[in-house]
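The values are calculated or read from the model by the stated rules, or taken from the named source; none is laboratory data. Since the structure is predicted, the reported quantities are computational estimates derived from the model, not experimental observations. A quick note on method: Cβ atoms are made from the backbone with ideal geometry, for glycine too, and the neighbour counts reach across all protein chains shown. Side chains are part of the model used for accessible areas, which takes the heavy atoms of the whole protein and leaves out ligands, DNA and RNA. Shrake-Rupley method; radii C 1.70, N 1.55, O 1.52, S 1.80 Å.
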Amino acid sequence: MAVDVLYKTSAKATGGRDGAAETLSGSFKVTLSTPKELGGAGGAGNNPEELFAAGYAACFIGAMKFVGGQEKIAVPADTTVTSTVGIGPRSEGGFGLTVALEVSLPGLEKAVAEDLVAKAHQVCPYSNATRNNIDVKLTVA
């Protein structure tokens, strides 16, 4: 599938899960640490799953705003998406991810909110990147 790229960014990581990562623009820098559950020391750093969860949650709100704009549905200012990313061994070998998105759209009727979430899942770049690769569970709170 061709993509008409409107924006690009680059980031560089060093040291893997116990290193650091930063955007080449210098606007974002993070210390990385491996969680104890994955055999690491834990610590104050973040891990790739946390970064993915944050990015997916923010992007999904953007997708809901896009769909809302097309369908004349006002996405509430206090909308939240809680993204839970899991990692573990796959039965086929290697490691895999799971994602659960819990969406709160205060003030919207449940049916309207569920329809908006379903449509946003079709246009969100993270959803399109993960489709048929990662189990993504959607819940409207």
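Structure data summary
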| read-out | value |
| --- | --- |
| Given (1) outside any loop (DSSP other than H, G, I, E, B); (2) closer than 29 Å to Val103 by Cβ, index of the condition Ser27 fails | (1) |
| Conditions (1) assigned to a helix (DSSP H, G or I); (2) without any contact (Cβ under 8 Å) to a residue 24 or more places away in the chain: number failed by Gly93 | (1) |
| From the options Gly42, Gly68, residue that is of a type in the set (Gly, Ala, Ser) and free of Cβ contacts under 8 Å to residues at least 12 places away in the same chain | Gly42 |
| Single condition Val99 does not satisfy, out of (1) touching a Gly at 6+ places or on another chain (Cβ under 9 Å); (2) part of a helix (DSSP H, G or I); (3) open to solvent by less than 50 Å² (accessible area, probe 1.4 Å) | (2) |
| Among residues of the range 112-141, those that are over 23 Å from Ala2 (Cα atoms) and open to solvent by 70 Å² or more (accessible area, probe 1.4 Å), counted | 4 |
| Number of positions in the range 30-43 that are of a type outside the set (Val, Ile, Thr), part of a loop (DSSP other than H, G, I, E, B) and under 21 Å from the mean Cα position of the chain (by Cα) | 2 |
| Selection count where residues are open to solvent by 20 Å² or more (accessible area, probe 1.4 Å) and either of a type in the set (Asp, Glu) or more than 15 Å from the chain's Cα centre (by Cα) (or both), scope the range 50-75 | 10 |
| Exclusive hit being polar (S, T, N, Q), under 24 Å from Thr130 (Cα atoms), surrounded by 13 or more Cβ atoms within 10 Å (Cβ to Cβ) and under 19 Å from the mean Cα position of the chain (by Cα), set Thr23, Thr9 | Thr23 |
| Matching entry among Gly55, Gly88, Gly19, Gly39 (being in contact with a Leu (Cβ under 6 Å, 6 or more places away or on another chain) and of a type outside the set (Ser, Thr, Tyr)) | Gly19 |
| Unmet criterion (only one of (1) more than 29 Å from Thr79 (Cβ to Cβ); (2) surrounded by fewer than 13 Cβ atoms within 10 Å (Cβ to Cβ)) for Asp4 | (1) |
